Amino acid sequence: MSKPRWTGKVFSSFLVLILILSSLLPAGNVFAAEDEVVSSTVYWNDVRQEIDGFGASGAFQQAQNLMEFPEEKREEILDLLFSTTDGAGFSIVRNKVGDGGLWGNEIDGPTPTIWPEEDGDFVWSGDEDQVWLMNQAKEYGVDKFISTVWSPPAWMKTNSQVKEGGKLEKEHYQDYADYLSAYIRGYKEHHDIEIDGISIQNEPDLTVGYSSARWTGEEFNDFIGGYLSPTFEEDEITADVILGEDSSFVEDPAIPVLQDPETRDDIDIVAAHAYNDGRGAETTFPTAKKYDKRIWQTEVSNLGENDPTIEDGIYWAQLVHDHMTNAEVNAWLYWWFIAYKLDKGEPLINLDVENKEYYLNKRLFTIGNFSRFVRPGYNRISTSDYEDGVDVSAYKDEETGEYAVVVINSNETFKTLDLNFDGFNSGLVTDSVTPYRTSATENLKELDSINVDNGSVSSKLPPKSVTTFVGKAEEVTSDLLAPLDEDKINKVNQNSTVPVKFTLNEKNGGNIDDADAKLYLAKVTDGAVGVVQEATATGNKNNGNSFHYNGNGQYMYNLNTKQLDTGKYQLKIETNGHILEKLLVEII
């Protein structure tokens, strides 16, 4: 049957449903349900954390390395990173606050500081590559830029250098607060870049041979309460304060601030990296949640040998899933967007800076199954339990009704997924979903749309694949009239012929005369709804299980209950994949 013209208009229509039953109900032979390997129900109203976005960084001269590529290849790479139609659609760019270190080289080294000398002026040049990357991201609609300090300028530190750890001198706490304020204000004034978030220190738990500094949680608390917050308030700085960024996925550095009622409101985001054993897949952030702080995973990567295969892609997709569902992070960032290290797994895209070639990894696309479709402002919504080897998470835009369900099949075999929308509101309907799949042979490939049938979608999941199902739920209104009462059990005599009638009208009052309507039923035993059955009936008007249009917007279906046992049944009427009503009927 061709798709009716009213599909797509029904959401803006007012649907008046009139069911008239002499002595009601379902009949007939039923179809045998397909064997279902895994199933998951999406619960629209079980709203979890808001999503701030997904991203990575171009720090330590990697943005410069990309700038030096030929324009055509540079544009291809930018599309792959930021396009929401052809790429991964990343929505956050993380930067390094320059510190003027003397380590490294031109393809992997520090950025000049804006305040090179204690008695000197501020300098607003030297960071052209990160500014360029942010401006390129702007062209794709990205507007969230955060910056992290790896080290204060050397003259503020106990060891008088930016590398090898050291601490911020207590006598320079106010200088450091002024420095962070000036950085945010200066990037707006000189570069037209709005810095949305500032992180006080990257990995305060580590001493390394590149830019680094050590902090304790108590020192953070002292600095924030006594210096940073008063300075930001005076300078009218509205950027989020990001705290933590431990190398392990823990909230420990932020706990002293969170537990202090005088300072906890001065931080906005508790952040962490995920370089510890297990990468914090099972970790939660109870203190941050207790005080309603947003949680970000701001850096993670494979520091070892690069693996461009789908095995690696599945690994990272599962980690995103775990961080989203266990820690309930609001944002998730990989380390580098691009990098010169051809043999390492630190970037999403490896650059051959000498020959100006680039190489793709499956992790770019499996992470893209989240970042492209789960947009800033979405909320995660819960899903029912799923079986080992298949992970399901769902996200929605409350205002538009758009949603994305990300399904990871880490098994070596095909799985059949039954994705169920019974958890949507009774007044919400969804016509179809469009799958986008990454597998060993596909990269975010758009597949044919699948119609929602009887409130669910069945789809084959290839081995080692990530599939994002994208759809839109919209509101409809249906009014159920006598003799059925949706709040009661309607009793029906067995062996009776039951005429079922309903009408469909558009919001403007016009009749809808080409709907595809069907009737479904399921036996209810001890309160549990059994297997859904498609009703069947004989007669020219019924034509299998299709309602006959009688004119004036009215649809008719004649049922015979003689083939049904006595007992309770759930009746569902579906039009074009929309479940209009669910009613309880008892055959006596």
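Given the options A394, Q259, I349, identify the residue whose Cα lies farthest towards the positive end of the charge dipole of the range 252-395 (+1 on Cβ of Lys, Arg; -1 on Cβ of Asp, Glu).
Positive-most Cα among the choices belongs to A394.
log₁₀ I(q)/I(0) of the range 361-409 at q = 0.15, 0.22 Å⁻¹, via Debye over equal Cα point scatterers, no solvent, to two decimals?
At q = 0.15, 0.22 Å⁻¹ the computed log10 ratios are -0.43, -0.83.
Expressed in nm², what is the orientationally averaged projection area of the convex hull enclosing the Cα positions of the range 230-288?
4.4
Given Y358, A331, I310, which one lies farthest toward the positive end of the charge dipole of the range 308-382, if we put +1 on the Cβ of every Lys and Arg and -1 on the Cβ of every Asp and Glu?
A331
The range 268-315 to the range 157-171: how many Å between their Cα centroids?
28
Need the C-alpha centroid separation for the range 341-405 versus the range 204-235, integer Å.
Centre-to-centre distance over Cα atoms comes out at 32 Å.
Would any residue of the range 61-95 have its amide N under 11 Å from a label point 7 Å out along Cα→Cβ of K356? List them or say none.
Correct set: 68-74.
Name the residue farthest towards the positive end of the dipole of the range 114-170 from the options G126, F145, L168, assuming +1 on Cβ of Lys and Arg, -1 on Cβ of Asp and Glu, about the Cα centre.
Final value for the positive-end residue is L168.
Going by the alpha-carbon gyration tensor, a ≥ b ≥ c the square roots of its eigenvalues, is the range 45-118 rounded (a/c under 1.5) or, if a/c is not under 1.5, prolate (a/b greater than b/c) versus oblate?
oblate
If you project the alpha carbons of the range 129-226 onto their three principal axes, what span does each projection cover, largest first, in Å?
Result for the range 129-226: principal-axis Cα extents of 41, 30, 22 Å.
Between E387 and E68, how many nm apart are label points set 7 Å from Cα along the C-beta direction?
About 5.3 nm, to one decimal.
Which percentage, to the nearest 5, of the DSSP beta bridges contained in the range 302-416 is antiparallel?
So the antiparallel bridges in the range 302-416 amount to around 85 percent.
Using 0.36 nm times the number of residues separating L102 and E171, minus their current alpha carbon distance, what extension gain do you get?
Taking L102 through E171 to full extension adds about 22.5 nm, to one decimal.
Dimensions of the range 298-359 along principal axes (Cα, Å, largest first)?
42, 22, 16
Using just the Cα positions, wrap the range 211-352 in a convex hull and report its mean projected area in square nanometres, one decimal place.
Average projection, Cα convex hull of the range 211-352: 9.7 nm².
Kirkwood Rh over alpha-carbon pairs of the range 75-179, then Stokes-Einstein at 20 °C and 1.002 mPa s: what D in µm² s⁻¹, rounded to an integer?
For the chosen part, D equals 139 µm²/s.
Over the range 271-373, calculate the relative contact order: mean separation of alpha carbon pairs under 8 Å at least 6 apart, over the residue count, as a percent.
Here the relative contact order equals 29 percent.
Take the cross-link list K96/K188; K460/K568; K144/K289 and give me the ones stretching past 26 Å between alpha-carbons.
Checking Cα-Cα distances, K460/K568 exceed 26 Å.
Would you mind working out the magnitude of the charge dipole of the range 35-92 relative to its Cα centre, with +1 at each Lys and Arg C-beta and -1 at each Asp and Glu C-beta, to the nearest 20 Debye?
240
Sort the range 264-420 into rounded, prolate or oblate with this rule: let a ≥ b ≥ c be the square roots of the eigenvalues of the Cα gyration tensor; rounded if a/c is under 1.5, and if a/c is not under 1.5, prolate when a/b is larger than b/c, oblate otherwise.
Here the range 264-420 falls in the oblate category.
Mind listing the Cα extents of the range 176-223 along all three principal axes, in Å, largest one first?
Principal-axis extents of the Cα atoms in the range 176-223, largest first: 33, 27, 16 Å.
Any read-out appearing in this document is the output of simple, stated calculations on the displayed coordinates, not a laboratory observation. Predicted model, so just to flag it, every value in this text is computed and none were measured. Neighbour counts are summed over all protein chains in view; Cβ atoms, including those assigned to glycine, are modelled from backbone coordinates with ideal geometry.
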